[in-house]
Structure formats: C-alpha cells, structure tokens
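Peer 1: A single structure is presented below for examination.
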Amino acid sequence: MKSLKEQFIGHVVGEAIKRAPAGRPPRIMDLGCGTASYVPPLVEQCPNFEYVGVEPIEDSYTRAKENLAGVPNAKVHFQLAYDSVPEEKENSFDLVFSLSVLEHVKDLQSFISLSAKYVRRGGLMVHRYDLGHALHTHSLKEHFHVFMGNNFPQLLPERQFVRYVGVPEVEEKFRKAGVTPTDVTYHQMPSHKELEKHFNDSGTTAVDELFAWEIKHQKDFKKITEKDRELLFPAVAVWGEKWDGPHFARG
Ligand SMILES: C[S@@+](CC[C@H](N)C(=O)[O-])C[C@H]1O[C@@H](n2cnc3c(N)ncnc32)[C@H](O)[C@@H]1O
C-alpha cells in the first residue's frame, strides 16, 4: 500500500513528467530528503528519472544513500539547502520539491531561493509542509519548540527548529525568488493518516481512494475558512512555476 504522502509524491512527479521535454528523463531535486525512503517506489511509476536529494543530517544522509543504492541515476548530497549544490546545473530541473521541511527551516528565503535557482524555465517548484507540529501539538516539548520557533527563532538550533508557516509568507518568498505561485493544495486529514496505519499491507484500495478524494475536492476545501482548513488538512503544498522573475524574462 502506498501511503497518502507517497501518493502525493507520485502525483507531483507525474506532473513534472508531463512537462519534461521529450528525449530526456525528467530531472527532480528533493531538498531535505531525509532517508529518501519514498524514492524507490517511484521507479514503478517512472522507471527513468534523475533524482538528486539534499540532506544535512548525517544518519539520514547515510540511510538515503542506502535506500537509493538500487535506484538508477539517483544521488544525494550531504549539506543544508542554503548553499549551492555541487555538480548540479542551475535552471536544469523539471521539479524541485520538499516534503515536511519548510516548517523546520530557519532561513526560509535562502531555502526557497536555492530551490528556485535549480528549477528550469517552465519547471515546477512544490513545497509541501506540515502544520501538524504547530496546530496538533503532541507533547509539551513540541509545544515549547513551536513557541520558541514562532517567537524567538534565533534561540533554537537548526536541528530543533520548528514553527508555524503561513501560505502568504511562502507565496511571497516564491515571488521574491522568481517563481510564480500557481496553486495551494491541502492534504492529510489527521484521521486519514490514522486510518492509513490500519491498512498497511492489507491490499485495500481505500487509501488510494482517499488520495483521489483529496485531489478531487480541493476547490471545496478552499471554501472553508483558512483557520479551519489548516486544522482539517495540516499538510499544505504550495505550487509554483518558473517563468518570469530574476532568472528569465517570458518569451
Ligand atoms: C521531517 S523530515 C522530512 C524528510 C523527508 N523529506 C520526508 O518527507 O520523509 C525534515 C528534513 O528536513 C531536513 N532539513 C531541515 N532543515 C533543512 C535545511 N535548511 N536544508 C536542507 N534540509 C533541511 C532535515 O534534515 C530532515 O531530514
């Protein structure tokens, strides 16, 4: 069974594949890839893509390398996504994305600007992040970290950093980086995530149907007030395309 998150990744990569120029495999970059455990299942969907992950935590980086060992044309760099990624050409990726990362990033503008730098003209940039830490806090420690991240960001070390991130802030940073925000989608109701746990390896298509339902009803979700919508769907994805801005003029 593919989790809702894995299905989201498949969906985003599917969009990038549709846009990739014919004659070469789609190129995708994943900033803050963690262990990249969701990458091997992507091969079933698209056997021929180039994947570049970036991960600054050593244990996760090592596990990502192990997980990517059997995936052709996949590599991971050990670094924060503030600095240029060595060997990778700017303006050359069909998709640059991150999953569950923005809420942990201290210097959000640098992170988003770096991701924009690697998107090719006409390419996609998608950052999906989790508001669950801030809106459905599970422990006193998490509550404390979110409070510090929201109010005294300079006091938290990079590895413990977490905060609430609002859509307008992300959209503004996209624009500043030369990427036009095109859509915002809402995912992963907490109860759906719980349900998913009961269906591991059960062979049911219930979770696939839930993801299709999420995609189908995005317009309806947007009629709910922002505050209630974020509580219902704490995984928020901001989508953008690179056309204008500092990197390229349209034409
Ligand atoms: C919750 S994990 C998500 C990992 C993976 N994307 C996933 O969805 O399973 C957040 C990841 O963001 C990474 N991260 C945090 N700040 C970062 C930064 N400034 N640059 C790159 N990665 C960062 C962390 O090392 C961690 O692996």
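The values are calculated or read from the model by the stated rules, or taken from the named source; none is laboratory data. Given the structure is predicted, the values throughout are model-derived calculations rather than measurements. When we count neighbours, we look across all protein chains shown, and the Cβ atoms used for this are built from the backbone with ideal geometry, even at glycine.
Peer 1: Checking Glu87 against (1) surrounded by fewer than 17 Cβ atoms within 10 Å (Cβ to Cβ); (2) on the phi < 0 side of the Ramachandran plot, which test does it fail?
Peer 2: For Glu87, the exception is condition (2).
Peer 1: Moving on. Pairs only if they're at least six apart or on different chains, beta carbon under 6 angstrom, first in the range 42-60 and closer than 18 Å to Glu88 by Cα, second among the small types (Gly, Ala, Ser) and within 13 Å of the ligand (Cβ to nearest atom); list them, first residue then second.
Peer 2: Matching pairs, first to second residue: Gly53/Ala36; Gly53/Ala64; Val54/Ala81; Glu55/Ala64.
Peer 1: Right, another one. Tell me, yes or no, whether the range 161-181 has at least one residue that is in a strand (DSSP E or B), touching an Asp or Glu at 6+ places or on another chain (Cβ under 7 Å) and modelled with pLDDT of 95 or more. If you could, list the steps in order and put the result at the bottom.
Peer 2: Taking the range 161-181 as the starting set, the residues that turn out to be in a strand (DSSP E or B) are 180-181.
In the following step, the residues that additionally are touching an Asp or Glu at 6+ places or on another chain (Cβ under 7 Å) were identified as 180-181.
Next cut, modelled with pLDDT of 95 or more only: 180-181.
Yes; the residues of the range 161-181 include at least one that is in a strand (DSSP E or B), touching an Asp or Glu at 6+ places or on another chain (Cβ under 7 Å) and modelled with pLDDT of 95 or more.
Peer 1: Here's something else I'd like to know. Identify the residue in the range 73-126 that is touching a Phe, Trp or Tyr at 6+ places or on another chain (Cβ under 9 Å) and of a type in the set (Lys, Arg) and, among all such residues, is farthest from the ligand (Cβ to nearest atom).
Peer 2: Among those that are touching a Phe, Trp or Tyr at 6+ places or on another chain (Cβ under 9 Å) and of a type in the set (Lys, Arg), it is Arg121.
Peer 1: Continuing with this model, one more query. Please go through the range 44-72 and give me each residue that is within 10 Å of the ligand (Cβ to nearest atom) and of a type in the set (Val, Ile, Thr), ordered by number.
Peer 2: Val54, Ile57
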